[in-house]
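Heads up, the thing below is written out as structure tokens.
The values are calculated or read from the model by the stated rules, or taken from the named source; none is laboratory data. As the structure is a prediction and not an experimental result, all values here were calculated from the model. Every residue, glycine as well, gets a Cβ built from its backbone with ideal geometry; the counts of neighbours run over all protein chains shown. Surface areas here come from the heavy atoms of the whole protein model, side chains and all, with no ligands, DNA or RNA. Shrake-Rupley method; radii C 1.70, N 1.55, O 1.52, S 1.80 Å.
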Amino acid sequence: LPIEYLLRDKFKLDLLASVWEELLIIAAAALLLWRVCRRQSRTFTRTSALEVALLLYMAVLLLEMMLNRPFKEVAFAGYRAQCEYIVWFFLISRLCEDGEDVKLLFGSFLGVVGLMAFHGIYQFIVAVPIPSSWITSTEMGVRTRVFSTTGSPNIFGSILIMAAPSAAALMYYFKDTWKKLAA
């Protein structure tokens, strides 16, 4: 989200902002293939029942898209939205070779979410105005809604909810008190 925010809102690079995720997927796949070709990857051939189920899910979605698609573009966009995160799961599970890689991934994720949370707290303190399209008759007394860099309070809340179990797990994992407090 911070990359998307910088590309789209700060640098006004709309074309790059619309394809950077796909370019990152291609780069991650190329890195994984490079590791496999150089025999540096120990995780490429590992499989689990979850991965088999996810591949089956993607195949069923593809079949459904092919059989029931009155609007091809909409059907493909929906399939891409459903499967892009599964592709990320496969790539990340193959690129994380050991516990240190997983720690780096978790730390980076929670660091970014932490910065976004502080930005949301700042938005609440300075009472960022609520766009009129967000206000219904039942919300007339609401002073502000925070959205950080997401542009939507609902998406921001979803990210915070997704990060909470990871932060809680790290609180139990760390031995140092300052790291527990940071988590």
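Among Ser137, Ser93, Ser158, the largest mean-square fluctuation in a Gaussian network model of the chain, built with springs joining Cα atoms closer than 10 Å, belongs to Ser137. This structure gives Rg and Dmax of the Cα atoms in Å, computed directly, and of (i) 16.8, 50; (ii) 20.6, 68; (iii) 20.1, 62 that value is listed as (iii). Among the listed pairs Lys103/Lys175; Lys10/Lys103; Lys12/Lys103, a Cα-Cα separation exceeding 24 Å is found for Lys10/Lys103; Lys12/Lys103.
Counting Lys and Arg as +1 and Asp and Glu as -1 over every other residue whose Cβ lies under 13 Å from the Cβ of Leu61, the net charge comes to 0. Its Cα centre serving as origin, segment 65-130 has a Cβ charge dipole (Lys and Arg +1, Asp and Glu -1) of approximately 360 debye. Averaged per residue, the chain has 72 square angstrom of accessible surface, using a 1.4 angstrom probe with ligands and nucleic acids left out. The overall shape of segment 80-138 is oblate: from the C-alpha gyration tensor, with semi-axes ordered a ≥ b ≥ c, the ratio a/c is 1.5 or greater and a/b is no larger than b/c. Comparing Tyr85, Thr45, Leu24 along the charge dipole axis of the chain, the residue lying farthest to the positive side is Thr45, per the Cβ-charge model. Dipole magnitude for the chain: computed about the Cα centre from +1 point charges on Lys and Arg Cβ and -1 point charges on Asp and Glu Cβ, it is near 320 debye.
Evaluated with a Cβ-only charge set (Lys, Arg +1; Asp, Glu -1), segment 1-90 carries a dipole of roughly 460 debye about its Cα centre, given to the nearest 20. Taking the chain as a Gaussian network, Cα atoms linked when under 10 Å apart, which of Met58, Met66, Met116 shows the biggest mean-square fluctuation? Largest GNM mean-square fluctuation: Met66. The separation of segment 117-183 from segment 44-61, counted between C-alpha centres, amounts to 33 Å. Helix content alone sets the calculated 222 nm mean residue ellipticity of the chain: runs of n ≥ 4 DSSP H residues at -39500 (n - 2.57) each, divided across all residues, give -23000 deg cm²/dmol.
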